[in-house]
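Everything on this sheet refers to the single structure shown next.
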Amino acid sequence: METTLLVLLIIDAIALITVVVLQSGKSAGLSGAITGGAEQLFGKQKARGMDAVLIKATTILGILFFILTITLGYVY
């Protein structure tokens with residue numbers, strides 16, 4: 001059981017790192033350098049497309065990471 005949890009934790013950690021690296025930054029590109037903080041105040045639109053999928057995947061993988069870590073700590 002411990003080995004299975006450890007393997008799942010490693011796979012989840014690698015997937016979480018990959019999903020976080022694939023996400024684009026809040027001020028990606030030249031438009032972020034020009035507009036600065038004004039984009040955050042006035043551009044409160046929901047993320048669309050691939051960004052929305054990556055945000056949901058990050059949330060799910062993060063929660064799964066904490067659950068696996070706590071469970072593995074309890075088993076040991």
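Checking the condition on the phi < 0 side of the Ramachandran plot, at pLDDT 55 or above and among the hydrophobic types (A, V, I, L, M, F, W, C), which residue from Ala57, Ala47 passes?
Working: Ala47 fails: at pLDDT 55 or above.
After ruling out the rest, the residue left standing is Ala57.
Based on what the data block shows, is Gly73 out of contact with any strand residue (DSSP E or B) (no Cβ under 7 Å at 6 or more places or on another chain) and either surrounded by 14 or more Cβ atoms within 10 Å (Cβ to Cβ) or modelled with pLDDT under 90 (or both)? Steps first, answer last, please.
Values: out of contact with any strand residue (DSSP E or B) (no Cβ under 7 Å at 6 or more places or on another chain): yes; either surrounded by 14 or more Cβ atoms within 10 Å (Cβ to Cβ) or modelled with pLDDT under 90 (or both): no.
No, not satisfied.
The values are calculated or read from the model by the stated rules, or taken from the named source; none is laboratory data. Predicted, not measured: the structure shown is a model, and the values here were computed from it. Every residue, glycine among them, receives a Cβ derived from its backbone with ideal geometry; neighbour counts consider all protein chains shown.
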